[in-house]
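Student: Take this structure, written in structure tokens, and hold onto it; I'll ask about it next.
The values are calculated or read from the model by the stated rules, or taken from the named source; none is laboratory data. What you see is a predicted model, and the numbers here were worked out from it, not measured in a lab. All Cβ positions, even for glycine, are placed from backbone atoms using ideal geometry, and neighbour counts span all protein chains on display. Side chains are part of the model used for accessible areas, which takes the heavy atoms of the whole protein and leaves out ligands, DNA and RNA. Shrake-Rupley method; radii C 1.70, N 1.55, O 1.52, S 1.80 Å.
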Amino acid sequence: MEAQHLHAKPHAEGEWSTGFCDCSSNCPNFCMAFWCPCITFGQVADIVDQGSTTCGTAGALYALITAITGCGCIYSCFYRKKMRAQYNIRGDDCGDCLKHFFCEPCALTQQYRELKHRGFDMSLGWAGNVERQNQGGVAMGAPVFQGGMNR
């Protein structure tokens, strides 16, 4: 994990760790999201779905929806909603869809940066991050659920 992400600035509960238009803080990722958003979307979806949808599957589905409808943002805005719910980030469905519709690269890179700030190594995907955590790596910001009934 890169040193800069070990000491990420704390952010207010319920807020994104970076601004919507902070694309210049990660120019390579913004360029990837601009020229080939299916890759950035696939990386985000893999983590948000906790591995149930792989990067390749999500990216291919995004590319297919974009090729058929021209609006991959219809698919990606639902992942923004899902991510907000997982991390208790304020916002609304309409705002999610508008952000993805009017500036898909900015929306995708904000989600990418958020997951990085929460300790994920985006190049590893969900499975790689779980393996890294199990081998004594950095604790991830994934939601923790207690199973079963407790008395």
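Student: Can you tell me the FRET efficiency between Phe101 and Glu13 if r is taken as the Cβ-Cβ distance and R0 is 35 Å, rounded to the nearest 0.05?
Tutor: For Phe101 and Glu13, the calculated efficiency is 0.80.
Student: If you wrap a convex hull around the C-alpha atoms of segment 58-100 and split its volume per residue, what is the figure in Å³?
Tutor: Here the figure is 56 Å³ per residue.
Student: Shifting gears a bit: On the full set of protein chains, 1.4 Å probe, figure out the accessible area of Arg84 and give it in Å² to the nearest 10.
Tutor: For Arg84, solvent-accessible area is about 20 Å².
Student: For Lys116, Lys99, what's the largest-to-smallest order of accessible area, 1.4 Å probe?
Tutor: Ranking Lys116, Lys99 by accessible area, largest first, yields Lys99, Lys116.
Student: Using a 1.4 angstrom probe on heavy atoms only, work out the carbon and sulfur share of the accessible area of segment 40-118 in %.
Tutor: The nonpolar share, carbon plus sulfur, comes to 64 percent.
Student: Using heavy-atom solvent-accessible surface (probe 1.4 Å) with all chains present, what is the largest-first order of Glu13, Glu131?
Tutor: If we order Glu13, Glu131 from most to least accessible, we get Glu13, Glu131.
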